[in-house]
Amino acid sequence: MQIIPQIADYFLSVTKEIEKAYKFASLADYSLKERIMIRLADRIFYLLIRTIGRTIRYEVEGLENFEAIGNAGKVPIYSFWHDRIFAGTYFFRDRRIAVITSQSMDGEYIARFIKRLGYGAIRGSSTRGGVGALVEMIRSMRKGVPMAFTVDGPKGPRYRAKAGPILLAKKTGNPLMPFLVECKNYWTINSWDKLQIPKPFTRARVIIAQPIYVDTGAADKDIKIKLAKLQSTLDGLVVRGKQWRISE
């Protein structure tokens, strides 16, 4: 069967766009000082996550929920709270998961160091490029690329889920996979999310909840119901994580 040239060109362009998410972008539009700062921040964060991450002793609860997604022929939309991003980033490295990063200079160095850890970066935010980023995420997921959302990011409010991953699940038919990484010992950064930095050699429990599916024909009221379910699931994971942390 022959493929119409226009269709072939379309799929080739989509493939190139997806692969671009895993490659370093040019820094030509930045000043010399900005290029130095981006490269420096990129290396520092990469080495910090890599060095501490190697010492963390992870254990997993709910692995069957992760496996159920693959067994159903789907790819997950990783959904978690922003304050757990450090330990979660190391644990799920090298899986070609794509994440959304802002179009700012901060987003540039974040995109670079996560690519070093085996992630892809789709540029956009809730304020700039958000619609285009969602379209690109949909296209990538339809090509089998898993996605990840810090569902209260990028700037909060803390522990309040937003609708982005719900909309992505609706458009692609792939399920949300809520999870939490709870570390026994960590430092807390004085930031909006109270970011947790694991202490070296700590134990950590990865708790994976049951997948949440969103019907492709879901109406606005259904979206709100699913968002409430995501919120309650992640809230419940925080409680379970805390119970594990203080139990021993």
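Bear in mind these aren't lab numbers, they're just calculated from the coordinates by the rules spelled out. Being a predicted model, the structure only gives us computed values, none of them experimental. We place every Cβ from the backbone using ideal geometry, glycine too, and count neighbours over all the protein chains shown.
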- Based on DSSP H runs of at least 4 residues, each adding -39500 (n - 2.57), what is the mean residue ellipticity at 222 nm of the chain after dividing by all its residues, to the nearest 500 deg cm²/dmol? -15000 deg cm²/dmol
- Based on DSSP, what percent of beta bridges with both residues in the chain are antiparallel, to the nearest 5? 35
- Query: Using r as the Cβ-Cβ distance of ARG39 and ASN190, and R0 as 25 Å, what FRET efficiency do you calculate, to the nearest 0.05?
  - Reply: 0.45
- Listed residues THR188, THR172, THR101, most fluctuating in the chain (Gaussian network, C-alpha, under 10 Å): THR188
- Message: Over the chain, with a Gaussian network built from C-alpha contacts below 10 Å, which listed residue (SER102, SER191, SER232) shows the highest mean-square fluctuation?
- Response: SER191
- So who's got an amide H within less than 5 Å of the one on ARG203, skipping anything under 5 residues away but keeping other chains? H placed 1.01 Å off N, in plane. ARG57, LYS184, ASN185
- Most fluctuating residue given options ILE85, ILE189, ILE77, as computed from a GNM of the chain linking Cα atoms under 10 Å: ILE189
- Query: In the set (i) 29, 22, 16; (ii) 28, 25, 17; (iii) 25, 20, 18, which value of semi-axes √(5λ) of the Cα gyration tensor in Å was calculated from the structure you see?
  - Reply: (ii)
- Message: What lysines does LYS171 reach when the alpha-carbon gap must be under 25 Å and sequence neighbours fewer than 8 apart in one chain are set aside?
- Response: LYS16, LYS20, LYS74, LYS143, LYS155, LYS162, LYS221, LYS224, LYS226, LYS229
